[in-house]
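The values are calculated or read from the model by the stated rules, or taken from the named source; none is laboratory data. These numbers come from a predicted model, not from an experiment. Glycine also receives a Cβ, built like all others from the backbone with ideal geometry; neighbour counts cover every protein chain displayed.
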């Protein structure tokens, strides 16, 4: 269970988040939608304890991330890229992460198999394609078999097969009662994966509900999104951090 | 302890750390080999030790890359990620993370010093005109190990603040090898003798050229340790307060 309440983040005099609040419930896939620069990554970074909020709370099962007893066993996170140093091999990367949580080495080979990277495990991360890097990040997130998955733009850079794979995986996680929260600016990809939708625009939540509720009278989620965020005028600006 | 194990595994699987190790072992032993060929030299009591004071370059590189590697940004085509996000989601307590890093850097620097000292002294002893190592060398060699571990931590602390390896690496390497700014400062003020590197080398160097200031080895170690501790406190405060 992810609970965010009254989150404000200022950086360099600019307000990036202006009182964000929503929750992601167990057994459901929650889509966190918004144009680039709307504050999706900032919200997730605060939630993961990487950035500090100016005000408000972001809790996982009722506690801030930094106070989780077993972070990797509670939350799996996928942020930008692979999250690994390019000079290390994929396996070496997973091994040190596993070590930090006291997980057995065998688990490393399990997740490599799970994401389909076994063949590239001995290669340096610097030689990976974008898609392979994303799979490595996914493997890292799954190491501790966490109850909550938090993913920032997980389908970015994946080929159609990869997108299908991640969709199936996220649906499976939710089906077993786990919480999945993923951000995206790609509406089409999201509509087929999510149960609940939270729409953010310029640091504010503009819609929050089930897929059906948010889509409402609009033909598709994409139409609803453009209606809510002002017709995509902002799509050219900003940038994911 | 898990965090420390993870940090040690990180260092061991980082190619740059092995470059640091190779530098730390090869540079002082190669210089010692060249010195030994030249026959007896004045100030022979510091032979081998002077080379080890210079070989600390290896420990510097180790301390820098241990933390700069966390901040290396992947290319934009790879998604522009950084390892620090993975590290801090795995070990969310900033203090615990940094303490584990310091532990790994100190252990790495000390181990490297042991190997480098063995190699360098081995080369020195192979030369005919050198007096054999005696009981008096035990505390001096311990001083070398302390000096390397503390220097690695010093380089680490500065790099925590800069988040980038180039500036601290250039600064420390130039000061150690090309022009010792801290040494030149001792010409201006005697207080400069208490700068971390100038004090630190007195844990094992008996005579510095053109320098009559006496600092006992133990005092020297304490002075350097105090500098390092102060820097690491500042680094920890900054690191825990800023966004990753």
Looking at region A:132-146 only, could you name the residues that are at negative phi, touching a helix residue (DSSP H, G or I) at 6+ places or on another chain (Cβ under 8 Å) and either in contact (Cβ under 8 Å) with a residue 60 or more places away in the chain or surrounded by fewer than 16 Cβ atoms within 10 Å (Cβ to Cβ) (or both)? A:138, A:140, A:142, A:143, A:144, A:146
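Which residue, of A:25, A:91, A:95, A:69, is within 11 Å of chain B (Cβ to nearest Cβ) and more than 22 Å from residue B:93 (Cα to Cα)?
Result of the check over A:25, A:91, A:95, A:69: A:91.
Given the criteria more than 14 Å from every other protein chain (Cβ to nearest Cβ), in contact (Cβ under 8 Å) with a residue 24 or more places away in the chain and in a helix (DSSP H, G or I), does residue B:53 qualify?
Numbers: more than 14 Å from every other protein chain (Cβ to nearest Cβ): yes; in contact (Cβ under 8 Å) with a residue 24 or more places away in the chain: yes; in a helix (DSSP H, G or I): yes.
For residue B:53, the condition - more than 14 Å from every other protein chain (Cβ to nearest Cβ), in contact (Cβ under 8 Å) with a residue 24 or more places away in the chain and in a helix (DSSP H, G or I) - is met.
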Hey, residue A:204 hits all of (1) in contact with a helix residue (DSSP H, G or I) (Cβ under 8 Å, 6 or more places away or on another chain); (2) surrounded by fewer than 19 Cβ atoms within 10 Å (Cβ to Cβ); (3) touching a residue at least 40 places away in the same chain (Cβ under 8 Å) but one; which does it fall short on? (1)
Does residue B:26 satisfy being outside any loop (DSSP other than H, G, I, E, B) and more than 8 Å from chain A (Cβ to nearest Cβ)? yes
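Can you confirm whether region A:99-110 contains a residue that is touching a residue at least 60 places away in the same chain (Cβ under 8 Å), assigned to a loop (DSSP other than H, G, I, E, B) and over 30 Å from residue A:17 (Cβ atoms)?
No, region A:99-110 has no match at all.
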Scanning region A:152-177 for residues that are at pLDDT below 95 and outside any helix (DSSP H, G or I), the one farthest from the other protein chains (Cβ to nearest Cβ) turns out to be A:159
Take the residues of region B:60-78 that are buried (at least 22 other Cβ atoms within 10 Å of the Cβ) and without any contact (Cβ under 8 Å) to a residue 40 or more places away in the chain: which is farthest from residue A:81 (Cα to Cα)? B:70
Filtering region A:98-117 down to residues that are within 10 Å of chain B (Cβ to nearest Cβ) and under 21 Å from the mean Cα position of the chain (by Cα), which residue is nearest to residue B:92 (Cα to Cα)? A:101
Within region B:99-119, is even one residue more than 18 Å from residue B:203 (Cα to Cα), within 14 Å of chain A (Cβ to nearest Cβ), surrounded by fewer than 21 Cβ atoms within 10 Å (Cβ to Cβ) and without any contact (Cβ under 8 Å) to a residue 40 or more places away in the chain? no
Checking residue B:16 against (1) within 9 Å of chain A (Cβ to nearest Cβ); (2) in contact with a helix residue (DSSP H, G or I) (Cβ under 7 Å, 6 or more places away or on another chain); (3) under 30 Å from residue A:70 (Cβ atoms), the condition it does not meet: (3)
Mind counting the residues in region A:119-131 that are within 11 Å of chain B (Cβ to nearest Cβ) and either part of a loop (DSSP other than H, G, I, E, B) or crowded, with 22+ Cβ neighbours inside 10 Å (or both)? 3
Residues that are surrounded by fewer than 19 Cβ atoms within 10 Å (Cβ to Cβ): which helices (runs of 4 or more DSSP H) entirely in region B:152-244 hold 2 or more of them? B:166-173, B:181-188, B:217-241
